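Reviewing the structure listed below.
The values are calculated or read from the model by the stated rules, or taken from the named source; none is laboratory data. Keep in mind that what you see is a predicted model, and the values were worked out from it rather than measured. FYI the Cβ positions are ideal-geometry reconstructions off the backbone, even for glycines, and counts take in every protein chain you see. For the accessible areas, the whole protein counts, side chains as well, though only heavy atoms, and no ligand, DNA or RNA atoms are used. Shrake-Rupley method; radii C 1.70, N 1.55, O 1.52, S 1.80 Å.
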Amino acid sequence: MNKEDILARSRAEQNDEGMRDAEEKGRRIGIRAFCLVELIVLIFNYCTDQPTYVPMSMFWAFTAAEAYPKYRFTGKRSFLAVTILGSVVSLLFLVCHILSVLLA
């Protein structure tokens, strides 16, 4: 295979490494921003005696969603455990929020 064949095949795949790198950096920044906002909301809710069901539900859903592809890729049971437990905890916090709204 010569250089032109390799370049043609790479262009046909339309798999731009620069774009993948930019997307990955964007994800890392997005994760940090999410965690920062999550922390601010939790501190605010704590200081104002507000329930933290919704932010905690979102945090655990995010954690479970992050762990699932890692489990699929590595097959490690620890990632599977985080996926399952994070999902369950997220649903429990969501149920607590719904019940607190309906019963208030």
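In the elastic network of the chain, a GNM with C-alpha springs shorter than 10 Å, the most mobile of 81, 65, 12 is 12.
Remark on residue 52: its backbone amide H falls under 5 Å from none of the residues 5 or more positions apart or on other chains, H modelled at 1.01 Å from N.
Counting only heavy atoms of the protein chains, get the accessible area per residue of segment 1-44 (1.4 Å probe) and round it to a whole Å² value. Please list the in-between numbers first.
Values: 3980 Å² over 44 residues.
Solvent-accessible surface per residue comes out at 90 Å².
Straight-line reach from residue 25: taking Cα to Cα under 24 Å and skipping same-chain neighbours fewer than 8 places apart, the lysines in range are 70.
If packing is taken as the average number of other Cβ atoms within 10 Å across a peptide's residues, how do 53-59, 24-30, 39-45 rank, most packed first?
Details: 53-59: 19.1, 24-30: 10.0, 39-45: 13.4.
My ranking of the peptides, most packed first, is 53-59, 39-45, 24-30.
Inter-label distance, residue 81 to residue 48: 3.7 nm, where each label sits 7 Å from its Cα along the C-beta direction. The phi torsions of segment 68-81, fed into the Karplus equation with coefficients 6.51, -1.76 and 1.60 and a -60° offset, translate into couplings of 4, x, 5, 5, 4, 7, 9, x, 6, 5, 5, 5, 5, 4 Hz, rounded to whole numbers, with Gly and Pro shown as x.
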